[in-house]
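Below is one structure, written out as structure tokens; comments come after it.
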Amino acid sequence: MTSETMKAVICERYGSPDVLEIRTVPRPVPAKGEVRVKVCASTVNRTDTATLRAHPFFARAMTGLIRPKMQILGMDFAGEIDMLGDGVTTFAIGDRVFGMSPDMFGAHAEYLCLPANGAIAKIPENLPFHQAVVGEGAWYANGTTQVLSEGQRCLIYGASGAIGTAAVQLAKAQGAYVVTVVGTRHMDLAAALGADRVVNYETQDFTALGETFDLVFDAVGKTSFFECRPLLAKDGIFSATDLGPGWSNIILGSFYGATGSKRVRVPFPEGAPGFIQKLANLMSQGKFQGVFDRRYPMDKITDAFRYVEKGQKTGIVVVDVC
Ligand SMILES: NC(=O)c1ccc[n+]([C@@H]2O[C@H](COP(=O)([O-])OP(=O)(O)OC[C@H]3O[C@@H](n4cnc5c(N)ncnc54)[C@H](OP(=O)(O)O)[C@@H]3O)[C@@H](O)[C@H]2O)c1
């Protein structure tokens, strides 16, 4: 730490967004092999809201039993490198970068240090900072969509959140045939993202489409394996980002895992550094772009948390830090 300071959103205890406070704290200094990013944009995502509430309870084993171990939340960042730790040669001061800090969080602050070989990559040319904070939802989506191969058939239930909008694009990039299930207000969005067929859950029974799928992905935690079972092809997989009703996804995932079958999966995303580089490449090739909802200034971040907790956002909610 130095005598220099920065503004940061501090989360000293678990609870509602009201526990968050903006304070002036020491500015971090990069250790050997680290870079420091002057953060320009971050997000409030479902990982942040779940961590703030310590939900589910067992997550405290990772995030801190009594109090949060990481007192500055924020996983996604985009900004400029402003200081290099010893030995860093892969980045230069002034590089425009984006990425994720999935283990340490810390992006709800004006400065963030992270390993130069971590989940950080250069922002594709001309992309503004607030459109480069695309990591979290896409990373969760990739944990599921990466199993798809060319020509496979996939149904994405809830293709309008951060995970769902990313999942459609990642599945298409893998060469899959993609059917999405969304509400009326997101029909056009799903088609624009490249879905081959868009189903409206408000007017259609999505379990009776006359098609079966190699992969059914519940990207918003609003359906279940049992509801989707008729949609699964032989050897088809049901994958979800949530625990499921009565923790059914976890229980079924463990059961099928133990039997050697992958029929129900709740994949924990892995390989963040490689994934951020993959995302940078897809963005440069025009095969991936973030879908953005509202932007909030950092001093209104509690409003951003409250909005995200409603479960009604479209894609990503941005926090403007600089
Ligand atoms: N525990 C964690 O750390 C963690 C981390 C990341 C994600 N997750 C889980 O992953 C899920 C997705 O997160 P996210 O950030 O992508 O988005 P999100 O905020 O949960 O998704 C919101 C979207 O879901 C749509 N939606 C709401 N009800 C629906 C329904 N019955 N059927 C289909 N769509 C519906 C909403 O639009 P409409 O209402 O207009 O349809 C909205 O666009 C969440 O359930 C979250 O809990 C958990």
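The values are calculated or read from the model by the stated rules, or taken from the named source; none is laboratory data. Fair warning: this is a prediction, and the values are worked out from it, not measured in the lab. Because the Cβ atoms are built from the backbone with ideal geometry, glycine has one as well, and the counts that use them run over all protein chains shown. With ligands, DNA and RNA removed, areas are computed over all heavy atoms of the protein, side chains included. Shrake-Rupley method; radii C 1.70, N 1.55, O 1.52, S 1.80 Å.
Points worth noting:
- Selection count where residues are closer than 24 Å to TYR296 by Cα and of a type in the set (Lys, Arg), scope segment 60-111: 1
- The selection criterion, being out of contact with any Pro (no Cβ under 8 Å at 6 or more places or on another chain), away from the ligand (no atom under 16 Å from the Cβ) and not in a loop (DSSP other than H, G, I, E, B), holds for VAL39.
- PHE238 vs. criteria in the same structural domain as TYR157 (by TED's automatic domain parsing), of a type in the set (Phe, Trp, Tyr), within 16 Å of the ligand (Cβ to nearest atom) and at pLDDT 95 or above: yes
- For segment 83-109, residues that are under 21 Å from the mean Cα position of the chain (by Cα) and touching a residue at least 12 places away in the same chain (Cβ under 8 Å) total 13.
- Selected residue (criterion: nearest to the ligand (Cβ to nearest atom)) from residues of segment 209-224 that are buried (at least 22 other Cβ atoms within 10 Å of the Cβ) and closer than 15 Å to CYS154 by Cα: ALA219
- Of all the listed residues (ALA107, ALA92), the sole one being in a loop (DSSP other than H, G, I, E, B) and touching an Asp or Glu at 6+ places or on another chain (Cβ under 9 Å) is ALA107.
- Residue that is nearest to the ligand (Cβ to nearest atom), among those in segment 271-322 that are among the hydroxyl-bearing types (Ser, Thr, Tyr) and in a helix (DSSP H, G or I): TYR307
- Test: residue in segment 168-175 that is among the polar types (S, T, N, Q) and either without any contact (Cβ under 8 Å) to a residue 24 or more places away in the chain or part of a strand (DSSP E or B) (or both): no
- Test: residue in segment 282-291 that is open to solvent by less than 60 Å² (accessible area, probe 1.4 Å) and among the hydroxyl-bearing types (Ser, Thr, Tyr): no
- Every listed requirement among (1) open to solvent by less than 60 Å² (accessible area, probe 1.4 Å); (2) within 16 Å of the ligand (Cβ to nearest atom) is met by MET104 save one, (1).
- Hits in segment 5-55 - residues which are without any contact (Cβ under 8 Å) to a residue 60 or more places away in the chain, in contact with a helix residue (DSSP H, G or I) (Cβ under 8 Å, 6 or more places away or on another chain) and either surrounded by 22 or more Cβ atoms within 10 Å (Cβ to Cβ) or closer than 30 Å to VAL88 by Cα (or both): THR51
- Among (1) assigned by TED's automatic domain parsing to the domain that holds LYS234; (2) in contact with an Asp or Glu (Cβ under 8 Å, 6 or more places away or on another chain); (3) touching a residue at least 60 places away in the same chain (Cβ under 8 Å); (4) not in a loop (DSSP other than H, G, I, E, B), the one test that HIS130 misses: (1)
- Taken over segment 5-27, the criterion of being within 25 Å of the chain's Cα centre (by Cα) and under 16 Å from CYS322 (Cβ atoms) is satisfied by LYS7, ALA8, VAL9, ILE22.
- Count of segment 56-82 residues, restricted to those that are over 21 Å from ASP18 (Cα atoms) and open to solvent by less than 30 Å² (accessible area, probe 1.4 Å), is 5.
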